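Input: a single structure, listed below in structure tokens.
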Amino acid sequence: ELSLESSLIIEENVKFSDKLNSIGKGTYIGSGTVIGNCDRIGKYCSISKDVKIGMSNHPLNFVSTSPRFYLSKYGKVSKNLFNHSMIDSTIIEDDVLISSNVVIMEGLRIGQGSVIGAGAIVTKDVNPYSIVAGVPAKLIRFRFPQNKIKKLMKLNFDDDDDILNQLN
């Protein structure tokens with residue numbers, strides 16, 4: 001069952017799959033967003049409009065990429081030849097900014113404090129406090145020096161005062 005923490009803002013026409021287990025407090029999700037194979041979205045995330053998270057891929061090592069030739073429900077094969085449930089779910093850690101029209105593939109970890117630029121297609125894990133953009137998404141830079149990132153990784157996003165104290 002989906003666990004929703006406090007102070008969420010979820011705009012209209014957001015679609016959630018049954019794989020999503022939790023959305024952390026203070027998170028914003030913009031209209032038209034689709035959340036597929038994603039286990040959790042952390043606290044204080046900002047997800048813009050028309051974002052796609054946990055999008056599945058077709059098997060590329062089969063003769064055809066059409067699901068008609070690997071899923072039994074379409075009647076051409078007697079048993080499923082590819083099982084999407086064997087692919088890990090995407091995890092969005094705390095305080096992540098995902099700009100509009102981003103696509104994040106399934107099985108990835110989007111690190112705490114990271115920023116994903118508009119229109120990016122994310123095919124690999126994103127490091128904490130990094131800024132990525134492009135198709136496919138590539139590292140632009142880190143938001144802070146590594147010594148500050150190490151300190152920020154210890155933040156307790158359950159304690160608003162802990163976060164506020166870092167603003168000084």
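What is the percent of Cα-Cα separations in region 33-91 that go past 12 Å?
Value for region 33-91 (Cα pairs over 12 Å): 72 percent.
In region 1-71, which GluC sites (Glu not before Pro) fall in coil by DSSP and have 12 or fewer other Cβ atoms within 10 Å?
Counting only loop positions with at most 12 other Cβ atoms within 10 Å, the GluC sites (Glu not before Pro) in region 1-71 are GLU1, GLU12.
Tell me the per residue accessible area of the chain using a 1.4 Å probe; a whole number in Å² is fine.
I get 58 Å² per residue for this part.
Quick one: pull the percent of accessible area on the chain belonging to carbon and sulfur, 1.4 Å probe, ligands and nucleic acids left out.
The nonpolar share, carbon plus sulfur, comes to 50 percent.
Round to the nearest 10 and report in Å² the accessible area of ASP39, as given by a 1.4 Å probe over the protein chains' heavy atoms.
Accessible surface of ASP39 is approximately 50 Å².
On a full-extension model of 0.36 nm per residue, what is the gain between PHE82 and ALA118, subtracting their alpha-carbon distance, rounded to one decimal in nm?
9.8 nm
Distance from the Cα centre of region 33-92 to that of region 102-168, in angstrom?
Using only Cα atoms, the two centres lie 23 Å from each other.
Under the 0.36 nm per residue contour assumption, what length would be gained going from the current alpha-carbon distance of ARG141 and ASP158 to full extension? It would help to have the intermediate numbers written out before the result.
Working: separation 17, 0.36 × 17 = 6.12 nm, distance 2.73 nm.
Between ARG141 and ASP158, full extension yields 3.4 nm more.
In a Debye calculation with equal point scatterers on the alpha-carbon sites of the chain and no solvent, what is log10 I(q)/I(0) at q = 0.11, 0.13, 0.14, 0.16 Å⁻¹?
Debye intensities relative to I(0), on a log10 scale: -0.50, -0.67, -0.76, -0.94.
By DSSP, what percent of the beta bridges with both residues in the chain are antiparallel, rounded to the nearest 5?
Within the chain, antiparallel bridges account for around 10 percent of the total.
The values are calculated or read from the model by the stated rules, or taken from the named source; none is laboratory data. None of these values were measured; they are calculated from a predicted model. Because the Cβ atoms are built from the backbone with ideal geometry, glycine has one as well, and the counts that use them run over all protein chains shown. The protein model used for the area step is the full one, side chains on, heavy atoms only, and it has no ligands, DNA or RNA in it. Shrake-Rupley method; radii C 1.70, N 1.55, O 1.52, S 1.80 Å.
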